[in-house]
Structure formats: structure tokens, C-alpha cells
Amino acid sequence: MTEIIDHGPDPFVANIEEATVANDNYRTTLWTGKNLQVTLMAVQPGHDIGLEVHNETDQFLRIEEGTATVYLGDSKENLKSWEANNDDAVIVPAGIWHNLVNSGNTPLKVYSIYAPPHHPHGTVHATKEQADADENE
């Protein structure tokens, strides 16, 4: 895969594993529609997605490469943790606090499906710092 762009809302077929592994940006939207969004993420070793909650958004995450410590809970103070690796999925219902921390030595390659969409069509954040700055505007 050469260039990863947001193909939504048009119909689209791709090898999601290849696209996820090819993505080197912290976050790249692969497809954004009216009711659903697919993003690709590359989280550097020791970094995380940041503890967050989406009250109106269910989320599915799949790890294609790497190792993560996953935190999920009904509040910031009440989180359980799991270790997750290649081919593991993480389901985050709306209203659940969550974080993924790259606990390995290589980039954590993840794709995420949000319903409804969470990021503007065509979003690309090369780094977590860019993502944080964009979300705080």
C-alpha cells in the first residue's frame, strides 16, 4: 500500500492488516462515513493513546502487531488491566474509560472502528502530540 487516505464515504475494500502495518502515523483515518469510522494507529514503545472516555461512541480495536497493556473501567479510578498481543481485539462500550499502552519494544499497530465517527474525515496525526493539540483546539 503506497499512500493511506480516507476513502469514505465511498464503498471500499482493503486488506486491513496490510494497511494497519503499513501505517507509520500515530493516527490516520482510513474510512469515514456517516455512522462509522476506521482509523489506523502506530503507538511508539512506552507511549499510549491516553486515558479517555467516549460517552456516545462504541469502539472496536484490533492489535495487528505489538504488545499492549489495556486498561478498561467505569471510572478513572476503577480500571482493570489486561495484556494484549497480535490478533487480539478490545471492545470498548460507550461510557467506559480506556487506554492502551505500548508495553513492547516495537511500534504497536492497531486499527480502530468507531460508531459513530470520532475524528474529522481525512484526519492524519503524525504524532500523539499533534493529535493532542488538535483535540484541545
| request: Take A94 and decide whether it is among the aliphatic types (A, V, I, L, M), open to solvent by less than 70 Å² (accessible area, probe 1.4 Å) and either part of a loop (DSSP other than H, G, I, E, B) or in contact with a Cys (Cβ under 8 Å, 6 or more places away or on another chain) (or both). | output: yes
| said: If I ask for residues that are of a type outside the set (K, R), open to solvent by less than 40 Å² (accessible area, probe 1.4 Å) and under 12 Å from the mean Cα position of the chain (by Cα), which ones from the stretch 103-116 would you list? | reply: L108, V110, Y111, S112, Y114
| Could you count how many residues in the stretch 8-30 are surrounded by 13 or more Cβ atoms within 10 Å (Cβ to Cβ) and either under 24 Å from S103 (Cβ atoms) or of a type in the set (G, A, S) (or both)? | 13
| Just to be sure, is L61 open to solvent by less than 70 Å² (accessible area, probe 1.4 Å), more than 19 Å from D132 (Cα to Cα), of a type outside the set (F, W, Y) and not in a loop (DSSP other than H, G, I, E, B)? | yes
| said: Going through G73, G122 one at a time, which residue ends up being assigned to a loop (DSSP other than H, G, I, E, B) and open to solvent by less than 60 Å² (accessible area, probe 1.4 Å)? | reply: G122
| message | Looking at the stretch 31-53, can you tell me whether even one residue there is more than 27 Å from G95 (Cα to Cα) and open to solvent by less than 40 Å² (accessible area, probe 1.4 Å)? | response | no
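The values are calculated or read from the model by the stated rules, or taken from the named source; none is laboratory data. These figures come from a predicted structure and were not determined experimentally. Quick reminder, even Gly has a Cβ in these numbers, built from the backbone with ideal geometry, and neighbours come from all protein chains shown. Areas reflect the complete protein model, heavy atoms only, side chains present, ligands, DNA and RNA absent. Shrake-Rupley method; radii C 1.70, N 1.55, O 1.52, S 1.80 Å.
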